[in-house]
Amino acid sequence: MGSKLSKDIDIDISDYTEDLGKKIHKDGVEIVRVHNKERIKAIPRGFLCCRKSTWSSKITTVLFINMSDVTTVGDGFLFRCTNLKEVDLTKFGAVTSLGGNFLSCCSNLKAVDLTKFGAVTMLGAGFLSGCSNLKAVDLTKFGAVTSLGEGFLSGCENLQVVDLPQFGAVTSIERNFLSFCKNLKEVDLTKLGSVTSVATGFLNNCINLPMVDLTKFGSVTTVGKHSTSTEYTFDSCESFLLGCKSLTKVIILDTSCALLRNILQPKVPAENIVMVQSLGVVS
């Protein structure tokens, strides 16, 4: 594709191809400014992703310019850009859908501004998963999301506090929600009052998490592949809160379904399960 690219380049979404992406990584480009002169509505699948683990991405900074027409971000957006330290997403105010592996495995990314994603209704699998140096994440603008895809924030080893203040519309939590967040010490689930289904891998291996408040899970009827109408055995749902060895308190409603209570009891000593009366809970 011609001569070697410089370390600092400008590209347009309409010109992007998989071959261009490969060349950007191969030539060691460090700074990419992305334009949208053709007013494209969708960021293509695999945009700037480092497709193969044998590739060595040198990209440290990606700046998106004038993205007001973009409504969809395809799968694999900046996937495995392991040297990425800065990404400007503040021009994405019209986006309603984020595809799978959004910024996944960007292991040097310590912060990302997501405050312009207030229109997003769909989060694909692997949202920010494997961002092992991510220190904090502001999710206050995600009030329209109804489902948390598989691997939501999983493997974010340096996250210590996660607040989900605007996730009241979420009805289902898919597999491996916040799993392997080994430094997680606090997670606020008290706004998830509409959740009816929780898949396996929920908070697995959060080894430093001392307490979980599940009082808003009073409407949950399905955990893993099991519902209140199916027979439960410990082995079949063992990956719910698995490996949370610092867990000393789990708070649930006295009206929570028997399924949820039965899943907890083999993992958490009875004295560490706190039941509160539903009438005494302030919504």
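The values are calculated or read from the model by the stated rules, or taken from the named source; none is laboratory data. The structure presented is a predicted model; accordingly, all values stated were derived computationally and were not measured. Note: ideal-geometry Cβ built from the backbone for every residue, glycine included; neighbour counts use all protein chains shown.
Summary table
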read-out	value
Options Asp69, Asp75; residue that is under 20 Å from Cys106 (Cβ atoms), among the acidic types (Asp, Glu) and out of contact with any strand residue (DSSP E or B) (no Cβ under 8 Å at 6 or more places or on another chain)	Asp75
Region 112-148, subset touching a Lys or Arg at 6+ places or on another chain (Cβ under 9 Å) and β-branched (Val, Ile, Thr), residue nearest to Gln160 (Cα to Cα)	Thr115
Pairs with Cβ under 7 Å, 6+ apart, first in region 204-222 and touching a residue at least 40 places away in the same chain (Cβ under 8 Å), second of a type in the set (Phe, Trp, Tyr)	Asn204/Phe180
Filter result for the condition that a residue is in contact with a Ser or Thr (Cβ under 6 Å, 6 or more places away or on another chain) and either farther than 16 Å from Cys156 by Cβ or small (Gly, Ala, Ser) (or both), over Ser56, Ser68, Ser97	Ser97
Some residue of region 183-198 being aliphatic (A, V, I, L, M) and either surrounded by fewer than 20 Cβ atoms within 10 Å (Cβ to Cβ) or within 12 Å of the chain's Cα centre (by Cα) (or both)	no
Output for region 5-36, where each listed residue is part of a loop (DSSP other than H, G, I, E, B) and in contact with a helix residue (DSSP H, G or I) (Cβ under 7 Å, 6 or more places away or on another chain)	Leu5, Asn36
Residue within region 149-157 that is more than 14 Å from the chain's Cα centre (by Cα), small (Gly, Ala, Ser) and at pLDDT below 95 present	no
Search result, residues across region 220-253 that are modelled with pLDDT under 80, farther than 23 Å from Thr171 by Cβ and part of a loop (DSSP other than H, G, I, E, B)	Glu231, Thr233, Glu238
